[in-house]
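Working notes, structure below.
The values are calculated or read from the model by the stated rules, or taken from the named source; none is laboratory data. Keep in mind it's a predicted model, so treat the numbers as computed, not measured. Note: ideal-geometry Cβ built from the backbone for every residue, glycine included; neighbour counts use all protein chains shown.
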Amino acid sequence: MRRILMIMAVAVMGLAGVCCFAQSGGEDKVYTAVSTMPSFPGGADALQKWVAGHIVFPESALEEGITEGRVITQFVVTKTGKIGEVKIVRGSFPDFDTEAVRVVKSLPDFNPGKLDDWKPVDVWYTLPITFKAPK
C-alpha cells in the first residue's frame with residue numbers, strides 16, 4: 001500500500017510539474033486582446049484596399065455558378081509585425097478559402113500588438129474577406 005501511495009505521489013508531482021511548465025511558457029503565448037491591438041499601416045481602410053487589390057476571384061467558382069462568398073480568416077501578428085500562423089475560422093467555397101489564406105500570408109508587416117508595459121507580443125487578428133465576381 002505504501003509503495004502504491006509513493007508511486008501515486010510521484011505521478012501527481014510529475015503532472016503538476018508539466019502543468020506549471022506549460023503555463024509558465026508565457027514567452028510563446030499568443031494573445032487575443034491586448035492594450036494596443038495590431039494595426040495595418042494606414043488603418044483598416046488601407047487594409048481593405050490592400051486585400052481588394054491582391055485578391056483573385058477563382059475561375060472555378062464561376063464555373064460552379066458561385067458569384068460571391070465570405071471567408072473569415074484568423075492569423076497571428078507576431079511581435080515583429082510579421083504574419084504568423086493563418087487559419088480559416090469560417091470557410092466558404094474551398095477555392096475561396098485557399099485564396100484567402102494566400103492573400104493573408106502575403107500581407108505586409110503590421111504594427112505589432114503591445115501589452116500595458118508597451119512590450120510587443122504575438123496577437124491573433126481576425127479578418128473577414130468577401131469575394132464578389134468581377135462584372
Item to check | Any chance residue 101 is assigned to a strand (DSSP E or B), under 14 Å from the mean Cα position of the chain (by Cα), modelled with pLDDT of 95 or more and crowded, with 16+ Cβ neighbours inside 10 Å | outcome: no
Item to check | Close pairs (8 angstrom Cβ cut-off, 6 or more residues apart or separate chains): on the phi > 0 side of the Ramachandran plot in region 76-99, surrounded by fewer than 18 Cβ atoms within 10 Å (Cβ to Cβ) and modelled with pLDDT of 95 or more anywhere | outcome: 81/109; 81/111
Checklist entry - For region 112-135, what are the residues that are in contact (Cβ under 8 Å) with a residue 60 or more places away in the chain, loosely packed, with under 15 Cβ neighbours inside 10 Å and either more than 30 Å from residue 61 (Cα to Cα) or of a type in the set (A, V, I, L, M) (or both)? => result 115, 116, 118, 133
Next on the checklist: Can you go through 46, 52, 33, 61 and tell me which one is surrounded by 14 or more Cβ atoms within 10 Å (Cβ to Cβ) and either at pLDDT 95 or above or touching a strand residue (DSSP E or B) at 6+ places or on another chain (Cβ under 7 Å) (or both)?
Outcome noted: 61
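Residue under question is residue 66, and the condition is that it be of a type outside the set (Ser, Thr, Tyr), surrounded by 15 or more Cβ atoms within 10 Å (Cβ to Cβ) and part of a loop (DSSP other than H, G, I, E, B); does it hold?
Yes.
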Checklist entry - So which residues in region 106-115 are charged (D, E, K, R) and either touching a strand residue (DSSP E or B) at 6+ places or on another chain (Cβ under 6 Å) or at pLDDT below 95 (or both), if there are any at all? => result 114
Checklist outcome for this item: Scanning region 72-98 residue by residue, those under 16 Å from the mean Cα position of the chain (by Cα) and part of a loop (DSSP other than H, G, I, E, B) turn out to be 78, 79, 80, 81, 82, 91
Next on the checklist: Restricting to region 36-63, count the residues that are within 17 Å of residue 103 (Cα to Cα) and in a loop (DSSP other than H, G, I, E, B).
Outcome noted: 6
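Could you tell me whether residue 90 is in contact with a Pro (Cβ under 9 Å, 6 or more places away or on another chain) and either closer than 22 Å to residue 29 by Cβ or surrounded by fewer than 19 Cβ atoms within 10 Å (Cβ to Cβ) (or both)? Don't jump to the end; show me each part of the working.
On the way: in contact with a Pro (Cβ under 9 Å, 6 or more places away or on another chain): yes; either closer than 22 Å to residue 29 by Cβ or surrounded by fewer than 19 Cβ atoms within 10 Å (Cβ to Cβ) (or both): yes.
Yes.
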